[in-house]
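Notes for the one structure printed next.
Just so it is clear, none of the values below were taken in a lab; they were calculated from the coordinates. Note that the structure is predicted; figures quoted are calculated from it, not measured. Positions of Cβ are generated from backbone atoms using ideal geometry, with glycine treated the same way; all protein chains shown enter the neighbour counts.
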Amino acid sequence: MSDLKSTDLLDLSPVIPVVVVDAIDQAVPVARALAEGGVPVVELTLRTPVALDAIRAIAAEVPEVLIGAGTVTTPLLAKEAAAAGAQFLVSPGATPTLLGAMRDTGLPFLPGTATVSEALAVLETGHTAMKFFPAEASGGAKFLGSLPSVLPDARFCPTGGISLATAPSYLSLRNVGCVGGSWLTPADALASGDWDRVTALAAATAALR
């Protein structure tokens with residue numbers, strides 16, 4: 001997938017799982033469980049001390065999964081994630097400096113936006129694929145559904161507060177390619193090693209389309 005473009009990220013799966021790994025031994029099993037359930041992509045957030053090592057492990061041991069780094073908030077994190085083997089980047093927001101740093105990695109990326117002005121700022125750089133975060137708190141599907149008439153080129157991966165039950169309301173919008181969701185990998189399932197549960201949640205999610 002070396003030729004993957006940022007716009008392609010929106011079409012890989014109905015849902016990009018947003019995964020928080022607290023222990024390195026969770027990384028490979030959770031990626032394999034998601035893949036077994038039919039979800040071939042993982043956004044592993046850089047919120048824990050083991051996150052970069054987890055990305056390295058998944059990149060090396062689970063090649064069938066496209067592994068990305070989420071919660072990229074600084075240029076340094078963008079560089080470190082790329083060096084660890086991340087295949088795409090996701091940020092919760094987008095400043096000019098952060099946008100430039102993510103672009104400089106050469107990886108596809110989804111910069112975070114929550115307003116029309118923020119989306120316009122990303123579009124001005126020639127980038128059309130972006131994250132909408134925090135989705136539910138920022139107006140949800142109703143807000144996103146009002147944007148195509150004024151931002152016809154923008155496509156989104158809304159993330160934040162979305163569940164299996166509410167995902168279809170987003171996925172039905174013409175400017176939404178996929179949603180980001182943490183419900184596929186509950187913290188208690190990862191802590192107990194209940195990989196069958198993760199696979200079942202992934203399968204239910206993969207069936208959304």
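Mind checking which residues of segment 112-148 are closer than 20 Å to residue 182 by Cα and part of a loop (DSSP other than H, G, I, E, B)?
114, 133, 134, 135, 139
Which ones in segment 54-82 are among the small types (Gly, Ala, Ser), part of a strand (DSSP E or B) and farther than 25 Å from residue 95 by Cα?
None; the set is empty.
Is it true that residue 111 is without any contact (Cβ under 8 Å) to a residue 24 or more places away in the chain, buried (at least 22 other Cβ atoms within 10 Å of the Cβ) and either touching a strand residue (DSSP E or B) at 6+ places or on another chain (Cβ under 9 Å) or acidic (Asp, Glu) (or both)?
For residue 111, the condition - without any contact (Cβ under 8 Å) to a residue 24 or more places away in the chain, buried (at least 22 other Cβ atoms within 10 Å of the Cβ) and either touching a strand residue (DSSP E or B) at 6+ places or on another chain (Cβ under 9 Å) or acidic (Asp, Glu) (or both) - is met.
Hey, does segment 66-73 have a residue that's more than 30 Å from residue 125 (Cα to Cα) and not hydrophobic (A, V, I, L, M, F, W, C)?
no
For every residue, the table says whether it meets (1) among the small types (Gly, Ala, Ser); (2) under 11 Å from the mean Cα position of the chain (by Cα); (3) more than 20 Å from residue 193 (Cβ to Cβ); (4) crowded, with 24+ Cβ neighbours inside 10 Å.
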residue	(1), (2), (3), (4)
32	no, no, no, no
35	yes, no, no, no
38	yes, no, yes, no
44	no, yes, no, yes
48	no, no, no, no
74	no, no, yes, no
79	no, no, yes, no
90	no, yes, yes, yes
107	no, no, yes, no
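Could we say that residue 145 is closer than 22 Å to residue 13 by Cα and under 13 Å from the mean Cα position of the chain (by Cα) here?
So residue 145 fails the test.
In this structure, does residue 16 turn out to be in contact with a Cys (Cβ under 7 Å, 6 or more places away or on another chain), hydrophobic (A, V, I, L, M, F, W, C), buried (at least 22 other Cβ atoms within 10 Å of the Cβ) and outside any helix (DSSP H, G or I)?
Judged against the criteria, residue 16 is a match.
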